[in-house]
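Scroll down for the structure; my scribbles are underneath it.
The values are calculated or read from the model by the stated rules, or taken from the named source; none is laboratory data. Not measured: the values here are computed from a predicted model. Heads up, the Cβs are rebuilt from the backbone with ideal geometry, glycines too, and the neighbour counts pull from every protein chain shown. What goes into the accessible areas is simple: the full protein's heavy atoms, side chains included, and nothing from ligands, DNA or RNA. Shrake-Rupley method; radii C 1.70, N 1.55, O 1.52, S 1.80 Å.
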Amino acid sequence: MPHVVLKAAQSRAVQVRNIFCIGRNYAAHIAELGNRPEEDPVVFIKPTSALHGPGTPIVLPAHSSDVHYEAELVLLIGKAGKNIPELNALDHIDGYGLGLDLTARDLQTKAKQGGLPWAVAKGFDCAATVTPFVPANAIQNPFEIQFEMHLNGHVKQHGDIRKMLFSIPYVVHYLSTVFALQEGDLVFTGTPEGVGPLTSSDKIRLILPDHIDTDFDVI
Ligand code: MG
């Protein structure tokens, strides 16, 4: 069963249900890909077979020659809900983690041009790589989370959720108006600017200061 680890005094494994992803949530990333902001969040879904945790390397897929990293804050939904008001949204989040929304950019660009779905561009094995999760109550100010992605020792992405076009409470609210959220759902909240290609033997480090510092090797 696909699961993530929620780190606490006693860590526990949480079974993952759906993996929701938000696209185009930071203006500077929208600009770097030449896209336009949307009125509603762009939502796509990854299969749970794409889930991958630390400990074993990220295996780049054979069907793409241009896989990009996209470092993102990931929410772990802890309480089911439908039509969740924005004001109550944080009550439905059990943990915060960091993740890589790995994207076969060559296939995604082709799919966009043809108006076709993104499943093979975004849903392959390891495409939803995540760190362990921090319990929500350990995060002092969930409205000011910042994170970093390092590639081979260089900072490539710096995320500051205050720059999101759609805030975390709004994302949870919006998703819950379309999908009945379940305990164990993950939500990738979108990537800041600085995305780029991965090659085998790359070393990735995801950092949420004071809480998460996780390495991933790429083969
Ligand atoms: Mg993304």
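So the values come out like this:
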| quantity | calculated |
| --- | --- |
| Fully extended contour minus Cα-Cα distance, from Gln113 to Asn35, at 0.36 nm per residue | 26.9 nm |
| Surface accessible to a 1.4 Å probe, per residue, for the residues of the chain, Å² | 46 Å² |
| Amide H contacts under 5 Å for Leu165, placed H, 5+ residues apart | Tyr26, Ala27 |
| Farthest toward positive dipole pole in segment 3-217 [+1 Lys/Arg, -1 Asp/Glu at C-beta], among Pro41, Ala136, Val120 | Val120 |
| Lysine pairs within the chain, Cα separation less than 16 Å, 8 or more sequence positions apart or different chains | 4 |
| Filtered trypsin sites (Lys or Arg not before Pro), segment 81-125: DSSP coil and at most 14 other beta carbons within 10 Å | Lys82 |
| Simple Cβ-charge dipole of the chain, Lys/Arg +1 and Asp/Glu -1, about Cα centre, in debye nearest 20 | 340 debye |
| For segment 95-108, Karplus couplings with θ = phi - 60° (6.51, -1.76, 1.60), whole Hz, Gly/Pro x | x, 10, x, 10, x, 10, 7, 5, 9, 6, 5, 4, 6, 5 |
| Estimated vicinal HN-Hα couplings, Hz - segment 192-208 in sequence order (Karplus 6.51, -1.76, 1.60; Gly, Pro = x) | x, 5, x, 5, x, x, 10, 10, 5, 5, 5, 10, 10, 10, 10, 10, 10 |
| Global geometry of segment 1-131, whether rounded, prolate or oblate, following the gyration tensor of its Cα atoms and the 1.5 cut on a/c | oblate |
| Euclidean distance of C-alpha centroids, segment 135-158 and segment 1-65, integer Å | 15 Å |
| Distance between modelled label sites at Asp125 and Val155, nm, 7 Å Cα→Cβ extension | 3.5 nm |
| Carbon plus sulfur fraction of accessible area for the chain, probe 1.4 Å, in percent | 51 percent |
| Normalised per residue, the volume of the convex hull around the Cα set of segment 3-217 (Å³) | 113 Å³ |
| Relative counts (whole %) of C-alpha pair distances in segment 91-219, using bins that are 5 Å wide | 2, 9, 17, 21, 22, 17, 10, 3, 0 |
| Most fluctuating residue given options Leu73, Leu98, Leu198, as computed from a GNM of the chain linking Cα atoms under 10 Å | Leu198 |
